[in-house]
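Student: Take a look at this one; I'll ask things after.
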Amino acid sequence: MTKQTWKFLAVLGAAYGLLALPGPSAAEMSSAAPDSWPMFRGQPSLTGVSGSQLPEKLSLLWTFKTKGAVKSSPAIFQERVYVGSADTNVYAISLKDGKKLWSHTTKGQVESSPLVLGNRVMIGSEDGWLYALDAASGKELWKYETGDKILGAPNWVKSPKGDGDWVLVGSYDYKLHCVDAATGKSNWVYESGNYINGAPAVANGQTVFGGCDAVLHVIGLANGQQVKEIEGGAYIAASVALQNGRAYYGHYENAFLCVDLEKATNLWTFHERDFPYFSSPAVVTDRVVFGGRDKRLHCLKISNGQPLWSFSTRGKVDSSPTICGDKVVVGSDDGRIYMVSLASGKELWSYEVGQPIGSSPAVASGKVVVGCDDGNIYAFGSK
């Protein structure tokens, strides 16, 4: 392992209280460090919580133009933004001023979100390959082939012996792949019953994901063997968030669920109107927040699934919300990015870009970065 990787892991460990276990627990990874957002949803448990604070009002700091829609959700690490585009490229951009640092071309659209791990950026492409790129230069270090397109983001875990890092990614080949982060060589492959659209969540030595087979899969990280499968209720297009032994997710048949993973039982179900959920949830101690195709952002009590508030937009909310202290940031297909109060759901600020925002906001160092279907990446903060 390189000196840079050890330094990164030491910093990450200090920030998260990370231990060299087969998988960090959800409690240990409850929020991303204030100055980084190194992966989709911020941390391996996919809880969508940033340690950064945001000002009461945001200003547009910069935009960066690509040649295709940006559905990829950005990652932020060491003052750089990493993101994919439908123009088949992966980009590295300066967080400070939005200047292009490098780009790397794949052979398919890049809807997957990047994972920054040490000096590498891992990202999937619709060409079916998982790429490992040098974070400084964009040089291809290795690539790993799956049998179909990769739309979901990769995740990571320490190897069982603690002597390396493993990367997990789902594919439309129905399989979850586990590869060595340093070499790209396969450790194991787990086959599900249909497409895997979301990112696998990691906590307590297990990875959990839903798929188009309507099953919640719980897999042991050490060997890729199934621990259990739980009836999901319907197609699960979004990623699952894990906290304290519970999984939170919405599905295509218009419901949002909380599942006890140990008992393999559904604790509660939220169903209000007949619209599916493609947004991944953000979870804090007492509440869960997620978007819906009913054009609303919902906030529920974590204990029983009872509604605390809902916030209406003018378009479906496939973007996954990010919680930052007492605020929530999310995009909508109505062409706006919103910041609302976590306590009440009251709108605090919004900005109209004019085209649908399916990308999920990355928050770090007091800045919000998000992609848009108009091909731009937008950065907001204090001027």
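Student: Normalising by the residue count of the chain, find the relative contact order in percent from Cα pairs under 8 Å and 6+ residues apart.
Tutor: The normalised contact order for the chain reaches 16 percent.
Student: Here is a follow-up. Within straight cross-link reach of K96, meaning Cα distance under 18 Å, which aspartates and glutamates are found once same-chain residues fewer than 8 apart are removed?
Tutor: List returned: D35, E79.
Student: Could you work out the relative contact order of segment 257-356, using alpha carbon pairs under 8 angstrom and six or more residues apart, expressed as a whole percent?
Tutor: Values: 241 pairs, mean separation 17.7, N = 100.
Computed over segment 257-356, the figure is 18 percent.
Student: Shifting gears a bit: Where nothing but the Cβ of Lys and Arg (+1) and of Asp and Glu (-1) is charged, how large is the charge dipole of segment 249-383 around its Cα centre, in debye to the nearest 20? Walk me through the intermediate numbers first.
Tutor: Numbers: 14 positive and 15 negative charges, 70 e Å.
Dipole magnitude for segment 249-383 comes out near 340 debye.
Student: Related question: Explain nothing, just compute: Karplus ³J(HN,Hα) = 6.51 cos²θ - 1.76 cosθ + 1.60, θ = phi - 60°, for every residue of segment 280-292 in order, whole Hz, x for Gly and Pro.
Tutor: Per-residue couplings from phi come out as 8, x, 10, 10, 10, 4, 10, 8, 10, 10, 7, x, x Hz.
Student: Would you calculate, for the chain, the mean residue ellipticity at 222 nm contributed by helices, counting each DSSP H stretch of 4 or more residues as -39,500 (n - 2.57) and dividing by all residues, to the nearest 500?
Tutor: On the way: 1 runs with 14 residues, N = 383.
Result for the chain, helices only: -1000 deg cm²/dmol.
Student: Follow-up question, since we're still on this one. Give the share of C-alpha pairs in each 10 angstrom bin for the chain, from 0 to the last occupied bin, in whole percents, shortest bins first.
Tutor: All Cα pairs, binned at 10 Å, distribute as 6, 27, 38, 24, 5, 0 percent.
Student: Next up: Each residue of segment 332-337 in turn: what ³J(HN,Hα) in whole Hz from Karplus with 6.51, -1.76, 1.60 and θ = phi - 60°, glycine and Pro shown as x?
Tutor: Here the 3J(HN,Hα) series is 9, 6, 7, x, 10, 9 Hz.
Student: Collect residues whose amide H, placed 1.01 Å from N in the peptide plane, falls under 5 Å from the amide H of I302; neighbours closer than 5 in sequence don't count.
Tutor: R287, V288
Student: Still on this structure: Roughly to the nearest percent, how much of the accessible area of segment 59-121 is carbon and sulfur, given a 1.4 Å probe? Before the final figure, lay out each step's value.
Tutor: On the way: 1050 of 2410 Å².
Solvent-exposed carbon and sulfur of segment 59-121 make up 44 percent of the total.
Student: Only Cα pairs under 8 Å and at least 6 apart count here; give the relative contact order of segment 326-383 as a rounded whole percent. Spell out each step's value before the answer.
Tutor: Numbers: 119 pairs, mean separation 14.5, N = 58.
For segment 326-383, the relative contact order is 25 percent.
Student: So, one more: Could you list which residues have their amide H under 5 Å from that of F77, counting only those 5 or more apart in sequence or on another chain, with H placed in the peptide plane?
Tutor: W37, Y82
Student: Give me the net charge for the shell around S159: Cβ to Cβ below 13 angstrom, other residues only, Lys and Arg +1, Asp and Glu -1.
Tutor: 0
Student: Another question, then. With the other protein chains left in place, how much accessible area per residue, in square angstrom, belongs to the chain at a 1.4 angstrom probe? The partial results should precede the final answer.
Tutor: Working: 13810 Å² over 383 residues.
That works out to 36 Å² for each residue.
Student: Using only Cα atoms, figure out Rg for segment 77-155 and give it as a multiple of 2.2 N^0.38 Å.
Tutor: Details: Rg = 11.5 Å, N = 79, 2.2 N^0.38 = 11.6 Å.
It is 0.99.
Student: For S103 and N194, what does the FRET efficiency come to when R0 = 35 Å and r is the distance between their Cβ atoms, rounded to the nearest 0.05? If you can, show how the numbers build up before the last one.
Tutor: On the way: r = 33 Å, r/R0 = 0.94.
For S103 and N194, the calculated efficiency is 0.60.
Student: Could you tell me which of the pairs K71/K295; K65/K367; K107/K175; K65/K175; K346/K367; K99/K143 are separated by over 23 angstrom between their Cα atoms in the structure shown?
Tutor: Numbers: K71/K295 18 Å; K65/K367 18 Å; K107/K175 21 Å; K65/K175 33 Å; K346/K367 20 Å; K99/K143 26 Å.
K65/K175; K99/K143, as the Cα separations exceed 23 Å there.
Student: Calculate, for K161 and S186, the FRET efficiency according to 1/(1 + (r/R0)^6) with r their C-beta to C-beta distance and R0 22 Å; round to the nearest 0.05.
Tutor: Here the calculated transfer efficiency is 0.80.
Student: Quote the charge dipole size of the chain about the Cα centre in Debye, to the nearest 20; the model charges only the Cβ of Lys and Arg (+1) and of Asp and Glu (-1).
Tutor: Working: 36 positive and 36 negative charges, 191 e Å.
About 920 debye.
Student: On to the next question. So, in nm, how far is label S341 from label N223 when the simple model puts each one 7 Å beyond its Cα toward the Cβ?
Tutor: Once both label points are built, they end up 5.3 nm from each other.
Student: Along the charge dipole of the chain, which of S73, C212, V369 sits closest to the positive end, that is, farthest toward it, with unit charges on the beta carbon of Lys, Arg, Asp and Glu (+1, +1, -1, -1)?
Tutor: Positive-end residue among those listed: V369.
Student: If we sort 354-362, 271-279 on the protection proxy, mean other Cβ atoms within 10 Å, highest first, what's the order?
Tutor: The peptides rank, most packed first, as 354-362, 271-279.
Student: Here is a further query. Out of the DSSP beta bridges found with both residues in the chain, what percent are antiparallel (nearest 5)?
Tutor: Values: 105 of 108 bridges.
Counting only bridges with both partners in the chain, antiparallel ones make up about 95 percent.
Student: Let me ask another. Using only alpha-carbon positions, what ratio does the radius of gyration of segment 169-229 give when scaled by 2.2 N^0.38 Å?
Tutor: Values: Rg = 10.8 Å, N = 61, 2.2 N^0.38 = 10.5 Å.
That works out to 1.03 for segment 169-229.
Student: What does the charge count around V289 come to, taking other residues whose C-beta lies under 13 Å from its C-beta (Lys +1, Arg +1, Asp -1, Glu -1)? Before the final figure, lay out each step's value.
Tutor: On the way: positive: R41, R287, R296, K301, K327; negative: D286, D326.
Every neighbour counted, the sum reads +3.
Student: Further, regarding this structure: So, with a 1.4 angstrom probe, what is the percent of accessible area on segment 161-305 that is carbon and sulfur? Write out the running numbers ahead of the final one.
Tutor: Working: 2300 of 5300 Å².
Roughly 43 percent of what the probe reaches on segment 161-305 is carbon or sulfur.
Student: At q = 0.25, 0.32 Å⁻¹, work out log10 I(q)/I(0) for segment 157-198 with the Debye formula, treating every Cα as an identical point scatterer and leaving solvent out; two decimals please.
Tutor: With no solvent term, the Cα-only Debye profile gives -0.80, -1.03.
Student: Taking 0.36 nm per residue of sequence separation and subtracting the Cα-Cα distance, how much length would be gained by fully extending the chain between A264 and K57, in nm to one decimal? Mind dumping the intermediate values first?
Tutor: Values: separation 207, 0.36 × 207 = 74.52 nm, distance 4.27 nm.
So the extension gain works out to 70.2 nm.
The values are calculated or read from the model by the stated rules, or taken from the named source; none is laboratory data. Everything quoted here is computed from the prediction, not taken from an experiment. Don't worry about glycine lacking a Cβ; one is built from the backbone with ideal geometry, like all the others, and counts go over all protein chains shown. In case anyone asks, the SASA skips ligands and DNA or RNA and just uses the protein heavy atoms, side chains included. Shrake-Rupley method; radii C 1.70, N 1.55, O 1.52, S 1.80 Å.
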